[in-house]
Amino acid sequence: MSPDAWGPTYCAAAGEPAIGFAVGDQIGNLPVKDCDTGATVSIEEACGAKATWIFAAHTHCPTCRATADFTAEVAASVADQNVAVLHIVHDDSGISCPTWRERYELVGLPNVKVYADPSGAAWSALKTSNYTAPSAFLDARRVITYKAHGLTRAGVQSKIEDALAR
């Protein structure tokens, strides 16, 4: 399945495991907005992917910017494996979601979706501590396989591979 065939109709049925935001849960719906229009949208747009990397960025955060620097390369390296890459951007320094997307060359990558998190609620759901730069990895059933903050490129690639292997 390619990214153009992803969508809510391909989401795993609710049930086991429980829906939530802890490792082992089927991910709940994150409160995100369309990067351009501000309309409420859903990460269910990525249902159908074999694995998903979700990264929540605060625009002031140096670790978030470093992660954004390698995101396009990671996305390109896993695109042929049907992996979704979701960036969720919380503007806390005057860098808008569209500006973030352009700055880090996340435009035109079919397996990348960039969302706005104006309230910080998506970040709150994904975090494992009060530090910025949380990542969550999902398998094909949208079960959270791993969560951490501040991963390196090698760490991200490894966790994507782990999610694909499940």
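Just rank 156, 85, fewest to most, by other beta-carbon atoms within 10 angstrom.
Working: 156 21, 85 27.
With the sparsest Cβ surroundings first, the list reads 156, 85.
Derived scalar couplings between HN and Hα for region 43-55 equal 5, 5, 4, 9, 4, x, 6, 6, 7, 9, 10, 10, 10 Hz in order, rounded to whole Hz, by the Karplus curve 6.51 cos²θ - 1.76 cosθ + 1.60 (θ = phi - 60°), x for Gly and Pro. With axes computed from alpha carbons, what is the tilt in degrees of helix 62-78 against the longest principal axis of the chain, rounded to the nearest 10 within 0 to 90? So the helix axis and the longest Cα principal axis differ by about 40 degrees.
Among the GluC sites (Glu not before Pro) in region 64-148, those located in a DSSP loop and surrounded by at most 16 other Cβ atoms within 10 Å of their own Cβ are 105.
For residue 42 and residue 165, calculate 0.36 nm times their separation in residues minus their Cα-Cα distance, and state this gained length in nm to one decimal. Show your work: numbers first, answer last.
Working: separation 123, 0.36 × 123 = 44.28 nm, distance 2.52 nm.
In short, 41.8 nm is gained.
Bridges between two residues of the chain, per DSSP, are antiparallel at a rate of about 50%. Between helix 153-165 and the chain there is an angle of about 20 degrees, using the helix long axis and the longest principal axis of the Cα atoms.
Residues 112, 74, arranged from fewest to most other Cβ atoms within 10 angstrom of their Cβ, appear as 74, 112. The ranking of 91, 25 by Cβ neighbour count inside 10 Å, starting from the fewest, reads 25, 91. Taking label positions 7 Å along the Cα-Cβ direction at both residue 2 and residue 60, the computed distance is 4.2 nm, reported to one decimal.
Taking region 31-165 as the region of interest, the number of lysine pairs whose Cα atoms are within less than 18 Å, with members eight or more places apart or on different chains, is 7. A cysteine counts as unpartnered when no other cysteine's C-beta lies under 4.7 Å of its own; in the chain this applies to none of them. Available extension along the chain between residue 22 and residue 124 is 35.5 nm, counting 0.36 nm per residue and deducting the alpha carbon span. Once the other residues with Cβ under 14 Å from the Cβ of residue 58 are scored (Lys, Arg +1; Asp, Glu -1), what is the net sum? Around residue 58, the charge tally is -1.
We did not get these values from a lab; they are worked out from the coordinates using the rules stated. Everything quoted here is computed from the prediction, not taken from an experiment. Every residue, glycine as well, gets a Cβ built from its backbone with ideal geometry; the counts of neighbours run over all protein chains shown.
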